[in-house]
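Each value in this text was obtained by applying a stated rule to the coordinates, not by laboratory testing. Predicted model only: the values in this text are computed from it and were never measured. With ideal geometry, Cβ positions are generated from the backbone for all residues, glycine too; neighbour counts draw on all protein chains shown.
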Amino acid sequence: MTLLFPISMAMTAYFCLSLGFILMKAGIGWLRRGKTKDLAYYRLLALWVVGLIITNIYGVPSALALRHLPAHLVSVFAGWGIVVLLILSRLILREKIYRSDFIYSLLIMVGIFFLHLHRTDLPDRGFSLSGLIVFGLIPVGLFVIGFLKIFPPPLKTAVMGSVSGLSAGVMIVALRILVQIYHYQVGRYFSSPFAYLYIGAALLSFTALQLAFKSGPMMITGPAQYSTTIVYPLIAAWLVFHQDLHLLPVSAVLLIMICVILILKKR
């Protein structure tokens, strides 16, 4: 099979995430209205629910992509998600977008292209359980730290966005392990503890994302969330799956990360 199918599935997955995030951010005001359940409340709630549904569609094309690409390569398509996020933030949320954002977004896509020049298959040679435990606990610890009052609101938004992204990285790795062990026998997934790792990471990612939506703009939350989603499974490739990392993909990811940081600096 050519790379066209898994790449298109990965792009579809992150398009769904970006669109869902934007709609949830647009409707997050329903949480602030308290007991005032007027027409505006239900309109915001409906928008938020539609965003939630679209976000959860992400798992289907992501699983199809993971069948043919390793987890850290699928996660790099979060860079494409940032491009979608930029456009939709302007069109739907009316947030200010800078010209340089589009330059950095183009460079993110260049990073994705060069990363795929060094595509390697992830061998079925097992994984490190201890590495997976450490990998899964890091976003939990950062989530707890995020409640400390030492962080000003913009930094708290970035921290919670990062927790959401790290947790999404854990979801990708857990799903990869499930696909690796059971292939597409979905009914057998729920007999495995890795399914509950996926569910726990999904809940943490969702909770942290809502807190980020409430505390700051989308263009702080989104890039922080996506950049950590890009990097974290790359760490898993080494820490959990014992895969060698090479200069070209690492350099491509660094380019993506630098571009994300420059986008955030404007905020």
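Pairing the Cα long axis of helix 247-265 with the longest principal axis of the chain, what angle in degrees results, from 0 to 90 and rounded to the nearest 10?
So the inclination is approximately 10 degrees.
GNM, the chain, Cα, under 10 Å: largest mean-square fluctuation among F21, F102, F213?
Of F21, F102, F213, the Gaussian network model singles out F102 as fluctuating most.
Roughly how large, in nm² to one decimal, is the mean projection of the convex hull of the alpha-carbon atoms in region 36-84?
That works out to 4.5 nm².
Can you tell me how much longer the chain between L262 and V250 gets when fully stretched, taken as 0.36 nm per residue apart minus their C-alpha distance, in nm with one decimal?
Net length gain for the segment: 2.5 nm.
Could you tell me the number of lysine pairs in the chain with C-alpha atoms less than 24 Å from each other, where the two lysines are 8 or more residues apart or belong to different chains?
22
Evaluated at 10 °C with a viscosity of 1.306 mPa s, what Stokes-Einstein diffusion coefficient in µm²/s does the chain have when Rh comes from the Kirkwood expression over alpha-carbon pairs?
Estimated via Stokes-Einstein, D reaches 85 µm²/s.
Give me the net charge for the shell around A208: Cβ to Cβ below 15 angstrom, other residues only, Lys and Arg +1, Asp and Glu -1. The partial results should precede the final answer.
On the way: positive: K25, K156, K214; negative: none.
My count for the surroundings of A208 gives +3.
Report, to the nearest 10°, how far helix 99-116 tilts away from the longest principal axis of the Cα atoms in the chain, using its own Cα long axis and a range of 0 to 90°.
Taking the Cα atoms of the chain, the angle to 99-116 is about 20 degrees.
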